[in-house]
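Each reported figure results from applying straightforward, stated rules to the coordinates on display, with no laboratory input. All values derive from a computational prediction rather than experimental measurement. Please note: Cβ atoms are built from the backbone with ideal geometry, for glycine as well, and neighbour counts cover all protein chains shown.
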Amino acid sequence: MNNDFTQIKNFLIDSRLVTKAVAEEAEALAVESGRSLEDVLVSKGAISEDDFRRVKSHILGIPFVDLRKEKVAKDILNLIPEPIARKHNIVAYRRTEQGLEVAMLDPLDLEAIDFVKKSLGVKILPRLTDTESIRGLLIQYQKSLKAEFGDIIQQETNILKNSTITTDEGEEALKKLAEDLPVVRIVDSLLAHSILQKASDIHIEPYEKEVIIRYRIDGLLHDAMVLPKEAGPGIVARIKVLANLRLDEKRLPQDGRFKIDRDGARVAFRVSTLPTYFGEKIVMRLLPDAVRGYTLEGLGFHGEWLEILHQAIKVTTGMILVTGPTGSGKTTTLYTLLDLLNEPDVNISTIEDPIEYQIPRINQTQVKAEIGLTFSTGLRSLVRQDPDIVMVGEIRDKETADLAINAALTGHLVLSTLHTNSAAGSIPRLLEMGTEAFLLTSTLNVIVAQRLVRRLTDNREEYFLTSAEIKNLGEKIRLKQVLEVLKAEKIIGPSVTWEKIKFYRPTGDLETAYQGRIGIHEVLKMSRPIRELITKGATSDQIRDQALEGGMITMVEDGVIKAVQGLTTIEEVLRAISE
């Protein structure tokens, strides 16, 4: 199909969708570059993707369907699982005697067609459709799921309204409540729904007349559902049973953990309870059971700064610090580095609070302050375990900082996190703890500061910045330096200026505009000038200026680079940095 340029070109000209001159120029460029004619014409703006799909429909003899206003029955929609539908842009919408009609953006995606055919054992009838139709059908998945779980929860909470058991009852009564079928179904539905929604946290908040359930999705909290107050005691009791917490302890916070299997994957839930005026609030963090599959590139590192990190983990001594506020992805970055370092010829030990991911062949120790196992005491023991690499979950005080530095000085590679807003700000923070400047200059190798921004989906449109917007952007980033990086990494052409750079913004339903998150980073590599500044007691601003002079880019600048790539938006980057 892609190589049959002449047939497509002639049809485009005959249909007056493009002029003869444009078609012939595009054909020549396609042959020269090895790209498809569709890619060339769409990238030049000569024709829209949807118009080209209609051309494909005619030439392939595959019907084109407009499903923008189509309401698909739930049982038909669910014949194709949502992850497959979203990945391959294929949605079932009608079943007839001839077979199952599926709407697609690419009817030549034989892998998707074959998967559906084998899974369902029916004849598949591919139909071409447009982007808006697929987008609307994918949104129906979410609406269907919300309705399904909402119905289940509503039915079960209606049963619970007649329950007379409250959290004032004894442990045996609460245990009985936790095992009641309605309670079990409600909690199972909440957990399953949160996984499908790709939530990172579940908040269960009791109030005077209701219980509010909220999910954190892509860094932002969203109301998921409101339940009657009668559902609260049972939900709390059930989650406590799952997390092996004390049912009769309602005055003090508790922490626990449990795991469930969902579609072949294990998901861990880290549970935290907190007494409030109207009852116990519960927050659960959803964690994949393993970190396998993450890469530094996938986390958002690129170019020269990706190479700096790869070089840093080849060094056998010293420290790598990852900094940022809570929820900025620091631990995931550390685990990804550990996964790269995890070879049979090294001994890796960690001291963490909590252990978020489990990695094979790494010795992971959980902090238990109530019995005296703190970061500092755990680290003392770790260095006696003949480690090559040590990961300290967080440096919180002088004692832990001194022990980590000492480990780095005595032949270990140490990885840790710190709560600061920037890479340069980590050094004054460590000095404020009482760490000696000369020890920092001897051990620090690289400091990474990061935030997470929401990843933009294909529901987007291109636009160009106005002169005023470019000027405003220039107050936040160094335009010249960022332009040089964009050209060096071949993200834009060598002669492109800011006026001609494409940016992207969401279109249509904002619920589908973002999916997942990606990191924006600044990577500070220790250099001789920076070490000299540290020994002189320089401020974080002075250290930052020297790092910028040495080639570092800031998190905002890295975010703008990712906005040019279409991974996120400028507004999202500025929102993440201002938080």
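Overall, the range 462-579 carries a charge dipole of about 440 debye about its Cα centre when +1 sits on the Cβ of Lys and Arg and -1 on the Cβ of Asp and Glu, all other atoms neutral.
Within the shell defined by Cβ-Cβ distances under 15 Å, the residues around MET433 carry a net charge of -3, with Lys and Arg each +1 and Asp and Glu each -1.
With a Förster radius of 51 Å applied to the C-beta separation of LYS74 and THR410, the computed FRET efficiency comes to 0.25. One chain, two ends: ASN10 and GLU307. Fully extended at 0.36 nm per residue, the span grows by 102.1 nm beyond their Cα-Cα distance.
So if R0 is 41 Å, what FRET efficiency would LYS118 and SER495 give, r being the distance between their Cβ atoms, rounded to the nearest 0.05?
Approximately 0.25, to the nearest 0.05.
Taking 0.36 nm per residue of separation and subtracting the current Cα-Cα distance, fully stretching the chain between PHE278 and THR317 would add 8.9 nm. Taking the centroid of alpha carbons for each part, the range 537-561 and the range 440-516 are 17 Å apart. With R₀ fixed at 22 Å, the C-beta to C-beta distance from ASP223 to ARG266 puts the FRET efficiency at about 0.20.
Counting only DSSP H runs of at least 4 residues, each contributing -39500 (n - 2.57), and dividing by the residue count of the chain, the helix-based mean residue ellipticity at 222 nm comes to -12500 deg cm²/dmol.
Alpha-carbon geometry of the chain: the Rg and the Dmax are 27.8, 83 Å, given in that order.
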